[in-house]
Each structure stands twice: as structure tokens, then as C-alpha cells.
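**Q** What follows is a single structure, and I will ask about it in a moment.
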Amino acid sequence: MKQGDFSELAKNYIHRPGYSQKVIDVLGTYLGAREPGFVVADVGAGTGKLTEILLAEGFRGHAVEPNDSMRSEGIRLLGSQSAFQWRAGAAEATTLPSESVDWVLMASAFHWTDQPKALAEFHRILKPGGSFTALWNPRHIEKSPLEQQIEALIQSTIPDLRRVSSGSQACTSTLNETLEATGHFQDLFFMEAEHEVSMERQRYLGVWKSVNDIQAQAGPERFQRIMAGIQDLVGDQEYVVVPYRTRAWTVQKAGA
């Protein structure tokens, strides 16, 4: 598996937790996303984890995803929902018309982009005064002994692991500067909300099978060892309660 290639992971993405409904609700209210004619673009939509929440909030727009397998799975799961139209496209080339969108979001995906090119593209497709939100949903490891044990297992198995997609401090420490560096965006604000997700045992193991950066850096043999270790740590628990933090950075389109 190559780092950043999600074709083999699409089927396991259904197991992933959603984002904090509170964060999406508050941001949507603040930005006026329930007003008639307001258009949202979920870019890097994957299989529609964020799209599903946007639909539940009553928003309308586009789900843009470059990977055929991920997009096909999203269409299978949510395609009957006509409020969001699925299309092939990437952050750097969404295929959306200029000044056609009020709010662009990327959920657990902005770190995979060529960020200056993505920001230029979002500036192009956003209407004047439109906004871009980059958000992640990392585990709140410090609040869970099980997650701390799993983290220690992963680090001992892959001592040189460099997380790409966790949304942790290591991945987002320079995000404020990145979002405003090109001059396309301004007026950054940040919000965070904690939430817990209770998962059946098999779903929880499926979440780990969907993690790209760990699998790519571990290789098949070491990742099998990690999965065996996680199964041992979970034991015979029927349900696993996992604490998460949805963390969202929002900026406004600069210029007229």
C-alpha cells in the first residue's frame, strides 16, 4: 500500500466515526449555511463521512472526491441523497465553477494536498466572503487507557513512525500560518469539541484497518502484528468507547 492511496481502504471507511455534530452545527449557523441558495463543497469527501453530517444539517452542495473507489462507496452509501452531487475532482482542481460555492470543507484530508494550490483553487471557487474549513477528528488519547496502550504498541512496532493524518499537534502546529500565507484567506478562527463514539468490537477493528499512514509505513507484516496486538488489548469487550476531538480551522476568502 502506498501512502496517500485509499483504493484498498474504501470498504473499511464505513467503520470510521463521524465528526462532532456540534462543530458543524455551530459553524453552519455562524456562516449562514441554512440560508436559501447557500452552497457547500465537501472536498476530499472520501466515502461521505462528513457529507452525511452536512446532509443531516440540511445543507446542499457538492461532494468532490478524486479516488474512484472511495467515491463509488460514497455514492453507494449516500447517492440517493440528491442534496449533494458527487463529482470526480481534487482539492487542487475541483472542477467546480468559479465563485459558485459559499463554504468549502476538507475533513481529515487537507494534509494530503498541495496546500498552496488547494488554497488558490478554493479561493477561485468561493463566492466573495465565502469560507474554507479544514477539520480533523483525532482520538483524545489522554482520556482513554486503551488508546494509550494502543499508541504505545504502535510506537514500539514502528519506532520511526511519522503520523500524517491524525490531526494531532504534530500535523497542525503550523496550520495557522499555512492557511493565511498565500494571501488568499484571512480572519482565521479555531474551534474544538470533544465527543465519544461507542463502537461494536468489529467496527472498532475496522477503523484501524482504514488508517492509511500507519499501514503504509508499517508494511503488511508489521501491520498484522499491530492488528493482532490491538485485538489482544480489546479482548472480549463487546463495545469500545473512544473519545475524539473534532478540531476545525476556518478562514474567510480575502479580496473582493
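None of the figures in this text is laboratory data; all of them are computed from the coordinates on show. Remember, predicted model here, so these are calculated numbers, not experimental data. With ideal geometry, Cβ positions are generated from the backbone for all residues, glycine too; neighbour counts draw on all protein chains shown.
**Q** Compute the projected area of the convex hull of the Cα atoms of the range 107-256, averaged over all viewing directions, and report it in nm² to one decimal place.
**A** 9.7
**Q** Once amide H atoms are built 1.01 Å from N in the peptide plane, which residues 5 or more positions from SER131, or in another chain, come under 5 Å H to H?
**A** TRP103, VAL104, LYS253
**Q** Another one. Of the residues GLY28, GLY61, GLY37, which exhibits the maximal mean-square fluctuation in a Gaussian network model of the chain defined by a 10 Å Cα contact cut-off?
**A** GLY37
**Q** Sticking with this structure for a sec: Antiparallel DSSP bridges in the chain: what percent, to the nearest 5?
**A** 55
**Q** Counting only C-alpha contacts under 8 Å and six or more residues apart, can you give the relative contact order of the chain as a whole percent?
**A** 25
**Q** Taking only DSSP H segments of four or more residues, each worth -39500 (n - 2.57), what value at 222 nm results for the chain once the sum is divided by all its residues, to the nearest 500 deg cm²/dmol?
**A** About -11500 deg cm²/dmol.
**Q** Which log10 I(q)/I(0) values, to two decimals, does the range 18-122 give at q = 0.14, 0.16 Å⁻¹ under the Debye formula with one point per Cα?
**A** These q points yield log10 I(q)/I(0) values of -0.48, -0.64.
**Q** Filter the cross-link list LYS209/LYS253; LYS143/LYS253; LYS22/LYS253; LYS22/LYS127 down to pairs whose alpha-carbon distance in this structure exceeds 29 Å.
**A** Violating the 29 Å limit, Cα to Cα: LYS209/LYS253; LYS143/LYS253.
**Q** If you don't mind, another one. What is the Cα centroid distance between the range 46-105 and the range 128-150, reported in whole angstrom?
**A** First find each Cα centre; the distance between them is then 21 Å.
**Q** So, in nm, how far is label GLU200 from label ASP114 when the simple model puts each one 7 Å beyond its Cα toward the Cβ?
**A** About 4.4 nm separates the two model spin labels.
**Q** Another one. What is the sum of charges, Lys and Arg at +1 and Asp and Glu at -1, for the other residues whose Cβ falls under 12 Å from the Cβ of THR95?
**A** It works out to a net charge of -1.
**Q** How large is ³J(HN,Hα), in whole Hz, for each residue of the range 97-110 in order, when computed from phi with the Karplus curve 6.51 cos²θ - 1.76 cosθ + 1.60 and θ = phi - 60°, using x for Gly and Pro?
**A** x, 5, 6, 10, 10, 8, 8, 9, 10, 10, 9, 6, 9, 4
**Q** Let me ask you something else. Over the Cα atoms of the chain, what is the Rg over Rh ratio if Rh follows Kirkwood?
**A** Using only Cα positions, Rg/Rh for the chain is 0.96.
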